[in-house]
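What follows is a set of notes on a single structure, which appears directly below.
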Amino acid sequence: MTESGSASAARSDASSRLAGWGKVLGIFGLLVAIVVTTGAMNPRFFGAENLENVLQRTALFGIIGIGAAFPIVTAGIDLSIGSVIALVATSLPLLLDAGVPAGAAVVVVLLLAAGLGVIHGLLITRLGLQPFVVTLCGLLVYRGVARYIVDDQTMGFGSNHDGLRSLATGRPFSIGALDVPAPALVLVAVAVLAAVFLGRSVWGRWMLALGRNPVAARYAGVPVERVTILAYVICSLLAGVGGVLFALDVNSVQPASMGNFYELYAIAAAVLGGCSLRGGEGSILGVVLGAAVMRLLYNSIVLLGIPSQLEFAIVGGVLLLGAIADEVVRRLAEARRARERARARTERTT
């Protein structure tokens, strides 16, 4: 590559990174605005109990939001997240009631979740089915299986598994008057691992390349099928982790309703956080901030006395604004890259 070509590529990469950070800063600004507005209108927002509840729910939805980001990065989507959560959440107490040790039961349900991701990936890569169709069918099938295996009965853990439940309900340490919930630590660990994987590993770069241009990625030697399968395995596995934590948190699992619409919250968190539905773009920090915005919106609706019937309308409106902002940023970035290419051509001719 010529010196001018290298400079042009470097400028293009810098432009992409700048656009990515612009999205993260934008969602962070929205989060701050929600916090300031809600706190000003209702001081109860800053109470320790309320903040602990927000942090707990942000952690749970942040974990599945990070999972949803991986198929989106590859220009796919997973609509089965909520039903995977329901199946895992239903299976865990069922195994415990059958006498399976707690640790083994958790491992089994997580392997089940990962196996569902493998099935998704194989159907998409080997049979050429669309991710929307495959995961929509999963949404229906897994929910039905969850309801069937327990005959639509409510499942729970009772008081026999307090140690296991501490994974979701524990408060390992405090910061001032705020008790930090255990799922927040799980979210931090998942977020760090996911950020390193996506931003620093070869497989993460392959996922981004696949999302940007699958044809070019294939010609560049990217193992497209394995990368795609891995993206869906990670998504389903983290949905499984979410399923375990949600079940332990509520201690009462109703398979007909557990996880309903959770895939939409997960996808919304990923999209708000800067994951483009066109693929090739994503920030784990942005996804965590997106999940926080979603939970803060719900919390604000409750604290400010806004009719709960408007919850989905408000969430949908915010998601639409996020999509519009994503498109505006994309167009600005494209315009900037076009100017840089024109400048590079001018430099080569001179």
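Brief remarks follow.
- Nitroxide proxy distance, nm - points 7 Å out along Cα→Cβ at residue 126 and residue 192: 3.7 nm
- Angle in degrees between helix 81-97 and the longest Cα principal axis of the chain, rounded to the nearest 10: 30 degrees
- Degrees, to the nearest 10: 3-41 long Cα axis against longest axis of the chain: 40 degrees
- Put simply, the amide H of residue 253, placed in the peptide plane, has neighbours under 5 Å in 155, 156, leaving out anything fewer than 5 places away on its chain.
- Two-decimal log10 I(q)/I(0) for the range 127-271, as the Debye equation yields it once each C-alpha is a single scatterer, q = 0.11, 0.15 Å⁻¹: -0.59, -0.98
- Computing FRET efficiency as 1/(1 + (r/R0)^6) for residue 250 and residue 314, where r is the C-beta to C-beta distance and R0 is 35 Å, gives about 0.90.
- As a length-normalised measure over Cα pairs under 8 Å and 6 or more apart, the relative contact order of the chain settles at 34 percent.
- Against the empirical 2.2 N^0.38 Å (N residues), the range 106-170 has a Cα radius of gyration ratio of 1.47.
- Around residue 214: net Lys/Arg minus Asp/Glu count, Cβ-Cβ under 14 Å: +3
- Taking the convex hull of Cα positions in the chain, its mean projected area over all directions (nm²): 19.8 nm²
- Approximate spin-label separation residue 149-residue 33, in nm, with each point projected 7 Å along Cα-to-Cβ: 4.4 nm
- Peptide ranges 143-150, 286-293, 307-314, 64-71 listed from the most packed, as the mean C-beta count within 10 angstrom indicates: 64-71, 286-293, 143-150, 307-314
- Taking 0.36 nm per residue of separation and subtracting the Cα-Cα distance, full extension of the segment from residue 225 to residue 98 would add 42.0 nm.
- Nearest-ten-degree value, helix 224-250 long axis tilted from longest Cα axis of the chain: 30 degrees
- Net charge of the neighbourhood of residue 178, taken over other residues with C-beta under 12 Å away and scored Lys/Arg +1, Asp/Glu -1, is -2.
Read-outs: derived from the displayed coordinates by stated rules, not from any lab. Predicted model only: the values in this text are computed from it and were never measured. Every residue, glycine as well, gets a Cβ built from its backbone with ideal geometry; the counts of neighbours run over all protein chains shown.
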